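Asker: Please see the structure below; I have some questions.
The values are calculated or read from the model by the stated rules, or taken from the named source; none is laboratory data. All values derive from a computational prediction rather than experimental measurement. Every residue, glycine as well, gets a Cβ built from its backbone with ideal geometry; the counts of neighbours run over all protein chains shown.
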Amino acid sequence: MKSEYDFSKAKHGKFFYPDAEFDLPSATADHIEVFDEALVVSLSDGRKVSTPLSRYPRLMHGTPAERDNWRLIGGGYGIHWPDLDEDLSVEGLLLGKPSMESQSSFKRWLERRQAN
């Protein structure tokens, strides 16, 4: 079944529904919890966004300590994991976007991790 949303045009806080344009809420991240199977982001407007960890391979392959070492960036519009060299945006989470990293890049990252 084809989605009625056109996420291919999503950028700069906007996404398109047939013949209409909507602004994404300007919520920022307040707190992050990373579980074995899910990433849960608490937003400034009171919502919680939960997404499968499998959508972000670096987080999935990180240790609990690496996943717990995060910081908010851009005033809460992004999240950074320095030990995993991973960055996610609140906008991307709200749009349901998975990691945009290529398979070849992830493979190199994983090989470097395993060599250390």
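Asker: Assuming Asp87 fulfils every condition listed in (1) at pLDDT below 95; (2) out of contact with any Ser or Thr (no Cβ under 8 Å at 6 or more places or on another chain) apart from one, which condition is it?
Answerer: The single condition Asp87 does not satisfy is (1).
Asker: Of the residues Glu91, Glu101, which is part of a loop (DSSP other than H, G, I, E, B) and out of contact with any strand residue (DSSP E or B) (no Cβ under 7 Å at 6 or more places or on another chain)?
Answerer: Glu101
Asker: To continue, here is another question. Within the stretch 38-55, can one find any residue that is part of a loop (DSSP other than H, G, I, E, B), within 26 Å of Lys107 (Cα to Cα) and of a type outside the set (A, V, I, L, M)?
Answerer: Looking through the stretch 38-55, none of the residues is part of a loop (DSSP other than H, G, I, E, B), within 26 Å of Lys107 (Cα to Cα) and of a type outside the set (A, V, I, L, M).
Asker: Outside any loop (DSSP other than H, G, I, E, B) and surrounded by 17 or more Cβ atoms within 10 Å (Cβ to Cβ): does that describe Arg67?
Answerer: Considered against the rule, which asks whether it is outside any loop (DSSP other than H, G, I, E, B) and surrounded by 17 or more Cβ atoms within 10 Å (Cβ to Cβ), Arg67 comes out as yes.
Asker: Which residue pairs have Cβ atoms closer than 8 Å, lie 6 or more positions apart in sequence or on different chains, and pair a first residue in the stretch 30-56 that is without any contact (Cβ under 8 Å) to a residue 24 or more places away in the chain with a second residue that is in a strand (DSSP E or B) and basic (Lys, Arg)?
Answerer: Listed pairs, sorted by first residue: Val40/Lys48; Ser42/Lys48.
Asker: Restricted to the stretch 25-40, and to residues that are touching a helix residue (DSSP H, G or I) at 6+ places or on another chain (Cβ under 8 Å) and exposed (fewer than 13 other Cβ atoms within 10 Å of the Cβ), which residue is farthest from Glu66 (Cα to Cα)?
Answerer: Filtering first and then ranking leaves Glu37.
Asker: Further question on the same structure: For the stretch 88-108, what are the residues that are touching a residue at least 12 places away in the same chain (Cβ under 8 Å) and either of a type in the set (Phe, Trp, Tyr) or within 15 Å of Val40 (Cα to Cα) (or both)?
Answerer: Leu88, Ser89, Val90, Glu91, Leu93, Leu94, Leu95, Gly96, Lys97, Pro98, Phe106
Asker: Can you name the residue in the stretch 73-104 that is surrounded by 13 or more Cβ atoms within 10 Å (Cβ to Cβ) and more than 12 Å from the chain's Cα centre (by Cα) and is also nearest to Thr28 (Cα to Cα) among such residues?
Answerer: Among those that are surrounded by 13 or more Cβ atoms within 10 Å (Cβ to Cβ) and more than 12 Å from the chain's Cα centre (by Cα), it is Gly76.
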